[in-house]
1. Please find the FRET efficiency linking Thr63 to Gln97, where r is the Cβ-Cβ separation and R0 is fixed at 35 Å, and quote it to the nearest 0.05.
2. Once fully extended, how much extra length lies between Asn90 and Ile145, figured as 0.36 nm per residue of separation less the alpha-carbon to alpha-carbon distance?
3. For a quick check: with amide H placed at 1.01 Å from N, whose amide H comes under 5 Å from Ser35's, ignoring anything fewer than 5 positions away on the same chain?
4. Counting only pairs 8 or more residues apart or on different chains, how many lysine pairs in the stretch 37-177 have their Cα atoms under 16 Å apart?
5. Per q in 0.13, 0.14 1/Å, what log10 I(q)/I(0) does a Debye calculation on the alpha-carbon atoms of the stretch 53-140 return?
6. Which far-off residues, 5 or more places away or on another chain, put their amide H under 5 Å from the one on Gly116, with H placed in the peptide plane?
7. List every residue whose amide H lies under 5 Å from the amide H of Ile104, counting only residues 5 or more places away in sequence or on a different chain, with H placed 1.01 Å from N in the peptide plane.
Amino acid sequence: MRFSENVMRLLCKLSLMAVLLAAAPAAFAQVGGTSKINVEQPWARATPAGATTGAVYMTLGNTSDTADRLTAASSGVASKVQIHEMAVVNGIMTMRQLVDGLAIPAGGSVTLKPGGYHVMLTGLKKRLIAGQTLPLTLTFAKAGIISITVPIRAIGATQGGQGSMSRMGGMQGNKPGGMGKMEMK
Ligand SMILES: [Cu+2]
């Protein structure tokens, strides 16, 4: 009697586990991985006529307890999309590609903004015009692929279409034919 009750309880537990396991793949398929990334407030800076490069900014929030990494990006408006970091090195505004991607800590967030991390568009196929949008696909090591639509803000925008680039002086290099004082490494 007691034995069979225990067996019944065990069978119930096992069947419940089987149901949970069967449901798991569907749940993960929606997220596409083992972390949960939210792409917040993406925006791209409009480009002057003839410019071949552009930049996209955003905040990447990780609401899971698993660290993730932005490893790649692509867009129909650029022949190449890279993850870049900008920093002042020996007094010169320099940017470099983050070949290992950009880490997004568990339960944390990383903000890509002018003067810091950015998604770099090179080989622009069309001018980025304020008020329009561009498509961007982000690839994360754990969260998988996330495709977003990025609003394009005015050239002088620093965040959400407000402010000015003037205080950033040497960064005003996004002109036709050159990157100003910025160097590629
Ligand atoms: Cu860059």
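We did not get these values from a lab; they are worked out from the coordinates using the rules stated. From a predicted model like this one, the values you see are computed outputs, not experimental measurements. Here Cβ is always computed from backbone atoms with ideal geometry, including for glycine, and neighbour counts include all displayed protein chains.
1. Working: r = 27 Å, r/R0 = 0.78.
After rounding, the FRET efficiency stands at 0.80.
2. Working: separation 55, 0.36 × 55 = 19.80 nm, distance 3.67 nm.
Here the segment from Asn90 to Ile145 would lengthen by 16.1 nm.
3. Distant-sequence amide H within range of Ser35: Ala143.
4. On the way: Lys80/Lys125; Lys80/Lys126; Lys125/Lys175; Lys126/Lys175.
Summing the qualifying lysine pairs gives 4.
5. -0.45, -0.52
6. Excluding prolines and chain starts, which carry no amide H, the hits are Met86.
7. Asp68, Arg69, Leu70
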